[in-house]
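Everything on this sheet refers to the single structure shown next.
What follows is calculated from the coordinates using simple rules that are stated; it is not laboratory data. All figures in this text were calculated on a predicted structure; none of them were measured in a lab. Cβ placement follows ideal geometry from the backbone for every residue including glycine, while neighbour counts extend to all protein chains displayed.
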Amino acid sequence: MARKNQNKPDGAPAPEATDEQLIQRCLDGNPDAYRVLVERYWSMVYSIARRIAVSHDDAVDVTQEAFVRAYENLSGFARDAKFSTWLLRVATNYALDQKRRKTARVRLQHLVPVTGHAPPADLPAITKESESRLAEMLQTLSHHQRLCLVLKVVHEMNTSEVAEILGCSEGTVRVHLHQARKLLRDRWDGWRS
């Protein structure tokens, strides 16, 4: 996503603020600084949310809520971690929590039918023909396998960052990655990573 180029009075481009500078500006009461962080990380957070959420709308809701929760807890952000890593952990935890709740509601609706209410239109069993083969293959992986793979391959994060986001050890991340890659190789000739 292209960012607006702010110019100094002398016409030279203004240097881009670091995450740490933007966080400090937020804490000092500048809401525009957080807007820059949202623009900077929206697509990354949405990408993770979409891998967990059932629908696009759910992923957008998760993404928005993750940014709200991060903003509300910005003063508690440990400055020794990267903001992007912390933000993705907030988003991942919230997305997984929402998915568990939705699954529980669906199960409850099947066990205890409510008169006059139709089941949700976006049940996981409903697939769209337009989904690519990769999306189908990713859905066959466990949540953690899928997230590890997306964070490592798509977002090019290192193993320690992935472990921090998922709240597990680096060894666990390596196991998830190994299993995900093996499953994809076994099930899809087009997988090369």
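Could you give the length gained on full extension between ALA81 and ASN93, defined as 0.36 nm per residue of separation minus the Cα-Cα distance, in nm? Mind showing how you got there, number by number?
Details: separation 12, 0.36 × 12 = 4.32 nm, distance 1.69 nm.
Additional length available on full extension: 2.6 nm.
Among residues other than ILE23 whose Cβ falls under 12 Å from its Cβ, what is the net charge (Lys/Arg +1, Asp/Glu -1)?
My count for the surroundings of ILE23 gives +1.
So if each residue of separation counts as 0.36 nm, and I subtract the Cα-Cα distance between GLU39 and SER169, what length gain in nm does that give?
Length difference between fully extended and current span is 43.8 nm.
For VAL154 and ARG187, calculate 0.36 nm times their separation in residues minus their Cα-Cα distance, and state this gained length in nm to one decimal.
The span from VAL154 to ARG187 would gain 9.9 nm if fully extended.
Ranked highest first by average number of other Cβ atoms within 10 Å, how do 61-74, 81-94 line up?
For the peptides 61-74, 81-94, the packing ranking is 81-94, 61-74.
What distance in nm separates the simple spin-label points at ARG100 and GLU136, each placed 7 Å from Cα in the Cβ direction?
Output for this residue pair reads 3.1 nm.
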